[in-house]
Amino acid sequence: MRSYRYQGIAESLATAARESMKSPQYGHPAHAELATGYGPCRLCLQTFQVGTDERLLFTYQPFTDPGALPAPGPVFIHRDHCERYDSAELPAVLRHLPLALEGYGANGLLLVQRRVGAFGFEAVLEDVFASAGVQYAHLRNAEAGCYIARIDAR
């Protein structure tokens, strides 16, 4: 089994959103509120404490490849500073969430999409990266479709 790198969004984007109260990539207004759902935070990849944690909602574009089709969407981060997640393991708090994996190739081309469901996260992740041409994956919420994190094979 290969090893992986799980990463939250860039800390510079989170800092810019917090300071400007705008999407750093699009300039759309950001929205601050008490958490009404679990999230998770796209920077630290931890879930929110409903009714306690203040979170910031803004538009995020996960693709950096200039040839990729833009796919902006809403993401939440903690309103206050938190540490960017960058590790070889999926955060334990994400395992119980409805997850989907998307495998991408050159120029951000979507090559494979799988719901995790009852199959087990690692088995589905291995299947995605075993697909021809997959260079990296996006972890998404399988109910809302929202981007959660990037995964790279090491």
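Taking the stretch 63-145 as the region of interest, what is the percent of Cα-Cα pairs per 5 angstrom bin, listed from the shortest bin to the one with the maximum distance?
P(r) over the stretch 63-145, rounded to whole percents: 3, 12, 21, 23, 22, 13, 5, 1, 0.
Under a 5 Å amide H to amide H cut-off, with H placed in plane at 1.01 Å, what residues pair with Q113 once short-range neighbours are removed?
For Q113, the qualifying residues are G103.
Can you give me the accessible area per residue for the chain, using a 1.4 Å probe, in Å²?
For the chain, the solvent-accessible area averages 50 Å² per residue.
Per residue Cα convex hull volume for the chain, in cubic angstrom?
Here the figure is 104 Å³ per residue.
Taking only DSSP H segments of four or more residues, each worth -39500 (n - 2.57), what value at 222 nm results for the chain once the sum is divided by all its residues, to the nearest 500 deg cm²/dmol?
-4000 deg cm²/dmol
What is the angle, in °, between the Cα long axis of helix 121-130 and the longest principal axis of the Cα atoms in the chain? Nearest 10 is fine, range 0 to 90.
60
Using the Karplus curve 6.51 cos²θ - 1.76 cosθ + 1.60 with θ = phi - 60°, work out ³J(HN,Hα) for each residue of the stretch 65-74 in order, rounded to whole Hz, and write x for Gly and Pro.
6, x, x, 6, 6, x, 9, x, x, x
Give, in nm to one decimal, the length gained when the segment between A88 and Q135 is fully stretched (0.36 nm per residue of separation minus the Cα-Cα distance).
Result: 15.3 nm gained on full extension.
Can you tell me the mean projection area, over all orientations, of the convex hull of the stretch 1-84's alpha carbons? Units nm², please.
Values: hull surface 26.4 nm².
Computing the convex hull of the Cα atoms and averaging its projections yields 6.6 nm².
The values are calculated or read from the model by the stated rules, or taken from the named source; none is laboratory data. Everything numeric here is computed off the predicted structure, so don't read it as measured data. Just the protein is used for accessible areas: all its heavy atoms, side chains included, with ligands, DNA and RNA removed. Shrake-Rupley method; radii C 1.70, N 1.55, O 1.52, S 1.80 Å.
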